[in-house]
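The values are calculated or read from the model by the stated rules, or taken from the named source; none is laboratory data. Since the structure is predicted, the reported quantities are computational estimates derived from the model, not experimental observations. Here the Cβ positions follow ideal geometry from the backbone for every residue, glycine too, while neighbour counts run over all protein chains shown.
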Amino acid sequence: MYHPLALLLIFILLAPVSAGPYFLEVYPDTWMKGDEDEYITIGWDDLPGPCTISDGEGTITLLPGYSASRSCTIARNGEQYKQVWGEYPAWEIIDSTPAIPQVTVQGRFQLSNKKDDLTLSSQGIICDTVTWPGTFQPRKGQIHIRSPDGRWDTRILMAGGTRLVPKTVENVTGIGFVSPDCSRQVLEETIKSAKQSILLNIYEFTDARLSDLLCDAINRGVKVSVLLEGGPVGGMPAEELSIIQKLSDAGAEIMVMEGAGEVHAPYRYDHAKYLVADGMRVLITTENFKEHSFPPAGYSGNRGWGVALDSVELASIFTAVFDADSDGPGVRTAQGRPGSMEEPVTKPYRPVFVPVSFTGASVTPVFSPDTSILVADLINTSRSRVWIQQAYIKEYPKNGTNPFLAAAIDAARRGVDVRILLDGYYYNIEGEQDNDEMVTSLKTLAAQENIPLQAEILYPEKAGLLKVHTKGVIADDQVLISSMNWNENSACFNREAGVIIRSSEAASYFASVFLTDWAGKKEVKAARGLPETDTGCIQMITLAGVLIILILLYRRYHRT
């Protein structure tokens, strides 16, 4: 038990500031030309008296009674602020409209983009200060906010984006599945069973047969809304423009996130991959809507993981994120055009895994950049195993440390069985610093420190796959399934979506998939989710072979 004086010291250290006013948000380097929409938000515990904010070159003064609430926003230009945020601030610095009161200004007060400092005083007493770089690192389009514990938030939260906090939903029922074995079955069943609404957020959509399913849903009265990335790497393919045209003609609402300039999207890429059906089911996948992502049964494609989760509470969380993203800046109505359709996959594949159901799971959504740190937390709390399957892993360019990879290495150092399996498709191994170099580096580290850290390349052609597109982790009895690649963009700048599932049934299922891929074999005799008919077939073939050999030996014996 802590001593009372120690508890008091902890409270003082974590408290935002004194009882006077304090800085809550600072937005110095905006997307708008001239930074006319820059703003400062201050808060307080008690109704403050006169206060001043100084940047060393100018001072603004607020008189008593400047707000009846416990916070207020002072923008440089109230009209420009409203253009961006949809409402007026409490105060403005320059006179843009009579609808907003002006602060008293002495000198030249304007926030510098790269380097500045602010001092907040009340009745001659300094109550709070903030500097950049220092208190935070400035970045164009980033809003710097204070967390409830009084510290400045280290997350990269851009203007117009969400500020989500972790939340866990209990007693969730679900179905686990993998590509290419059985993913299309679960996806088709989810779309076909929808009766009222389908919300789809997907990075790329080129599968014509999946668009046909959505058109069928529209024809039976289901409202379909789709949010796409408007500028994927390499540009939007012609096949996707055809899909947009077809879905729009059928009556779907199709939106793309691609804003630039003053109307800038809050995310570098909308890379999420999820579907919400009837406000009840959430389907999360590592895969885009492509033929090789959800191939028909019996055909090859990507290795990917997915889960369909039934929970009204969970669906409401994903619906709120979908609504916020589709209503946010940089989103417009999509424009398609008639054109070619994606070529169907033709390479055969013998499925090994079937979907598996589980109940009573605890599910925590993971959204990047808001709560991506939960991935590191998941690994940091592991005790027995951390098995990771990723398309690739990249160190962060500035400081060279990927926090997810660092957490995995630390787990191995405390004795956890850590295995990392990366893609061996040509474009992930042909460069000078990609998956094969990463695996070599990890193996070297494991040998030097004598820790239980293993790393391998899965060469997809040896397993009958196209490529490894999984973004998954199995940590003890928990499973992460998400759209998040292990690089800085995905964790800090993209919109990504995923879930952490606490369920021994789900963990066992995906662990069996992982071990099959880890072995690198095209077929296995037994694995979690393997249909009993397949096992029986193998046994019958083996028995028949033995009988044939015995008959031949018997005939040969009686001829001599």
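Pull up region 151-176, narrow it to residues that are at pLDDT 95 or above and over 19 Å from the mean Cα position of the chain (by Cα), then point me to the one that is surrounded by the most Cβ atoms within 10 Å (Cβ to Cβ).
Taking the candidates together, the pick is Gly174.
Failed condition for Ala447, given (1) in contact with a strand residue (DSSP E or B) (Cβ under 8 Å, 6 or more places away or on another chain); (2) of a type outside the set (S, T, N, Q); (3) more than 13 Å from Ala391 (Cβ to Cβ), with all others met?
If we test Ala447 against (1) in contact with a strand residue (DSSP E or B) (Cβ under 8 Å, 6 or more places away or on another chain); (2) of a type outside the set (S, T, N, Q); (3) more than 13 Å from Ala391 (Cβ to Cβ), just (1) comes out false.
Can you confirm whether Ala412 is more than 24 Å from Leu228 (Cβ to Cβ), in a strand (DSSP E or B), in contact with a helix residue (DSSP H, G or I) (Cβ under 9 Å, 6 or more places away or on another chain) and among the small types (Gly, Ala, Ser)?
no
Quick check, is Gly141 more than 22 Å from the chain's Cα centre (by Cα) and small (Gly, Ala, Ser)?
no
Against the definition (of a type in the set (Phe, Trp, Tyr) and assigned to a loop (DSSP other than H, G, I, E, B)), how does Tyr274 come out, yes or no?
Considered against the rule, which asks whether it is of a type in the set (Phe, Trp, Tyr) and assigned to a loop (DSSP other than H, G, I, E, B), Tyr274 comes out as no.
Could you count how many residues in region 393-439 are of a type in the set (Val, Ile, Thr) and modelled with pLDDT under 95?
2
Report, by residue number, each residue of region 397-452 that is loosely packed, with under 12 Cβ neighbours inside 10 Å and either touching a Pro at 6+ places or on another chain (Cβ under 7 Å) or outside the structural domain of Arg303 (by TED's automatic domain parsing) (or both).
Result: Gly415, single match.
Would you mind stating whether Ile175 is more than 16 Å from Tyr27 (Cβ to Cβ) and part of a strand (DSSP E or B)?
yes
Can you tell me which residue is farthest from the chain's Cα centre (by Cα) among those in region 296-328 that are in a helix (DSSP H, G or I) and aliphatic (A, V, I, L, M)?
My answer is Val312.
From Ala376, Ala334, Ala315, grab the single residue that is closer than 30 Å to Trp85 by Cα, in contact with a helix residue (DSSP H, G or I) (Cβ under 6 Å, 6 or more places away or on another chain) and of a type outside the set (Val, Ile, Thr).
Every option except Ala334 fails the conditions.
Looking at Lys82, is it loosely packed, with under 14 Cβ neighbours inside 10 Å, in contact with a Pro (Cβ under 9 Å, 6 or more places away or on another chain) and assigned by TED's automatic domain parsing to the domain that holds Trp31?
Considered against the rule, which asks whether it is loosely packed, with under 14 Cβ neighbours inside 10 Å, in contact with a Pro (Cβ under 9 Å, 6 or more places away or on another chain) and assigned by TED's automatic domain parsing to the domain that holds Trp31, Lys82 comes out as no.
Output the residue which, of all residues in region 483-542 that are at pLDDT 95 or above and β-branched (Val, Ile, Thr), is farthest from the chain's Cα centre (by Cα).
That would be Thr516.
Listed here are the residues, each with its yes/no results for (1) buried (at least 16 other Cβ atoms within 10 Å of the Cβ); (2) at pLDDT 95 or above; (3) assigned by TED's automatic domain parsing to the domain that holds Val331; (4) within 28 Å of Ala491 (Cα to Cα).
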residue	(1), (2), (3), (4)
Ala208	yes, yes, yes, no
Asp216	no, yes, yes, no
Asn219	no, yes, yes, no
Lys223	no, yes, yes, no
Pro232	yes, yes, yes, yes
Glu239	yes, yes, yes, no
Val256	yes, yes, yes, yes
Val282	yes, yes, yes, yes
Phe289	yes, yes, yes, yes
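Regarding Ile379, is this residue buried (at least 22 other Cβ atoms within 10 Å of the Cβ), at pLDDT 95 or above, within 24 Å of Ala463 (Cα to Cα) and not polar (S, T, N, Q)?
Considered against the rule, which asks whether it is buried (at least 22 other Cβ atoms within 10 Å of the Cβ), at pLDDT 95 or above, within 24 Å of Ala463 (Cα to Cα) and not polar (S, T, N, Q), Ile379 comes out as no.
Could you say which residue among Phe353, Phe318 is assigned by TED's automatic domain parsing to the domain that holds Thr190, over 30 Å from Pro166 (Cα atoms) and touching a strand residue (DSSP E or B) at 6+ places or on another chain (Cβ under 9 Å)?
Answer to the check: Phe353.
Restricting attention to region 241-254, which residues are in a helix (DSSP H, G or I) and surrounded by 14 or more Cβ atoms within 10 Å (Cβ to Cβ)?
Residues satisfying the conditions are Leu241, Ser242, Ile243, Ile244, Gln245, Lys246, Leu247, Ser248, Ala250.
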